[in-house]
1. Taking the Cβ of each residue in A:SER92, B:SER111 as the centre, tally the other Cβ atoms inside 10 Å and list the residues starting with the fewest.
2. Expressed as a whole number of Å, what is the distance separating the alpha-carbon centroids of the stretch B:88-107 and the stretch B:170-219?
3. Anything over 23 Å Cα to Cα? Flag those among A:LYS67/B:LYS294; A:LYS94/A:LYS150; B:LYS183/B:LYS418; B:LYS82/B:LYS119, in the order listed.
4. Within the set of other residues whose C-beta is less than 9 Å from the C-beta of B:GLY148, count the net charge using Lys and Arg as +1 and Asp and Glu as -1.
5. Once the Cβ-Cβ distance between B:GLU250 and A:ASP103 is put in as r, and R0 is 35 Å, what FRET efficiency do you end up with, to the nearest 0.05?
6. Out of all DSSP beta bridges in the stretch A:35-268, what portion is antiparallel? Express it as a percent rounded to 5.
7. Along the Cα→Cβ direction, 7 angstrom out, place labels at B:ARG380 and A:ASP80. What is the inter-label distance in nm?
8. Can you give me the Cα centroid spacing of the stretch A:119-164 and the stretch A:201-269 in angstrom?
Amino acid sequence: MFRIFPSLRHKGLQLTSGAFAMVSVTLLAGSLPAAEWATLKGRFVYDGAAPEPAAITADKDVAVCGKHKLVNEELAVSADKGIANVVIFVRSKKVTVHPDLEDGSKAEPAVLDNKDCRFEPHVGFVQTGQTLTIKNSDPVGHNSNIATMKNSPSNSLIPSNGSSDVTFSRDEAIPATVTCNIHPWMKAYLVIRPNPYGAVTAADGSFEIENLPVGEELEFQLWHEKGGYLDEFVLDGKKTDAKRGRIDLTVKAGGTDLGDIVISPKLFK
Amino acid sequence: MKMLVRTLDMEYETVSAFAAQAGFKTPSGDLIRRDTRGHLSSGLFPVWVLGGVAVFLLLLTTTGCGKTAAASYRLNMVESAKQRLKPEQEQQVATILAALFGTPDEPIAPSECGLDAAKLHLAAGPVRSDIVGRKNGLYREHCAHCHGVTGDGMGPTAAFLNPYPRDYRPGVFKFKSTERADKPTHADLVMVLRNGLAGSSMPSFALLSDAKIDALSEYVKYLSIRGEVELALMRAFFELDDEDQGRLPEDREFLIEEIVLPVAEAWQAAEDALIDVPEMAADIDMAASIAKGKELFYGNKANCVKCHGVTGLGDGQVNDYDDWNKVVLQAHKTVQGGLEQAGEASTWDMDADEADEHRAELAWLDRFQKVLDGNALPPRTIRPRNLRQGIYRGGMRPLDLYYRIHAGINGAPMPAAKGTVPPEDIWHIVNYIRSLPYDFNGTLGVDKPMVARDRL
């Protein structure tokens, strides 16, 4: 019954109604340490010539922002065809989480920097409960307007060298957008998940998710700003259909390397 | 315009269908030969007899013996199209909503929402009296023509107003004494109803009794909670697993716990979450405070100048949208982008599956476009407030301006200064802002008061 939203209000439910099947399963799963933990890694590859990103003309704070070569970051492909900013995360609600990583508030703060009139990183990953520190390394003032669906939206002024902390109590099915109303070209995404199991690919397209439970079949979801849910790719040399970007994977003892996950340019049109 | 025509259309269609059934002449002069039960008639009756029957029946329908159709809530079609809901999923949302919140004539609300049924009764339904001297149906009498029966901000007059009337369904309200992301308190809503919103089409309802304003505020909360629950339901389909086969669980416990409570609790929490405003020092040196406020206004910390402009006329950032308009704007972009892309593709290059997918995508885009044409007003940019007019939507008390600067304005681009600008500095900015309408000293290169009309 609570299968699809066990993370919502789960604290209250744990206290008041432990009898609900799903909740007790989560509790049980949470309290039993899995025998082993391992890493999932791989690399997203663009099956075509790397597209040239379009330049952005800064029309606000030109004296500062005009100096930086700003480009549209929707689709960033490296020289060796790695696709940056692909998001991969565990979608299964039923997942054994490493006991040290369960509590997001104990994790190191995630950082979103307003730097060179863009957001760094362009796509970020935050666990519920984890602090997100929004910084401003620019000499000009910014604001960071976070449009969430389930969490309270926020929009704080971030002065030069200032910072603002935000936490999220609920996970979001769709990455939240962050924009700056002063500099309209600035846009970032935040992936907000109930566990630490997610990653955003680096500039070369590679990712690593550490401390996954070994031998547990988990449903992962793949998302990209331009490509949406990546529902078609070549994995292990085989054409794979992943409805809504959902794919079941099991991490082996010692870790699993998916190798190259090759995606057709047509998904990014 | 469309909205107005549609509302009238409904009645027009009912009437003309009736007339046709009764045997009115069509414009081409043919007699529609049907009797009142819809059977083809033999044509033996002269036209005037049939005409007379029609007039009689028309009178019946308009003088009260016939029943007017019960008012119904409109589904959030833009969100439905965005989430690609199927007709049966829309039906499920409507069914769940009706079970939880009733109808515009018979509103109910889960007890968890903490809404007062007597107040809702007073505000809901058609305008009528049940006790001599007591009028019910206040919402439809005073609000629905702009805000719509559903509270979607799309009543018949909405398209003619700028800014558009508030759409309550996302549960976002601008003018309040709580933090940016929080709900307004009941007293905040009462204040908006009593004072109106200066500079917008929202009038003051100060002539209504306290009890009536109270009932209407409660009803706005009801519509807002209902709208947020609708949004949450529509978005929940996306999170279903394959084995759910595209249906949401319908047990009440799930719906209340997972969907209704988060919304209801936010409303209740607002009542105790007022912004703590330290009083402005009584012996403040006003000239110095205004000067400090000016510095902050132009400075890189508060950064007011970026949007409100060097002149304070609200012309610094004129290409931005508020959250309500952004939803529609984004939807238009999705449809246009999708159509452009689809235009480049040809089914010749596709296998059967791809071609099916392509056609399904086109059908969705076509439907989305129709939804935007019929269920959304054209998006408009938002204007940062012109600070030289001394007209402030959310109230002109220094306290109101303090709230706006401290918390920002939810739903609008205005960010919160909280945590960045200390309270005493917020008071300096308030004092500077309040001095701007009287700032005729020629610093703008003119020797007369700056009026927005002259500049824009």
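Derivation of every value follows stated rules applied to the coordinates shown; laboratory data play no part. Nothing here was measured: the structure is a model prediction, and the numbers come from that model. As a convention, Cβ positions derive from the backbone with ideal geometry for all residues, glycine included, and neighbour counts pool all protein chains shown.
1. Listing A:SER92, B:SER111 from fewest to most nearby Cβ atoms yields B:SER111, A:SER92.
2. What the calculation gives is 26 Å, centre to centre.
3. Details: A:LYS67/B:LYS294 28 Å; A:LYS94/A:LYS150 20 Å; B:LYS183/B:LYS418 17 Å; B:LYS82/B:LYS119 34 Å.
In this structure, A:LYS67/B:LYS294; B:LYS82/B:LYS119 exceed 23 Å between Cα atoms.
4. Taking every other residue near B:GLY148 into account, the sum is -1.
5. 0.55
6. Approximately 75 percent, going by the DSSP bridge assignments.
7. 5.5 nm
8. If you average the Cα positions of each part, the centres end up 27 Å apart.
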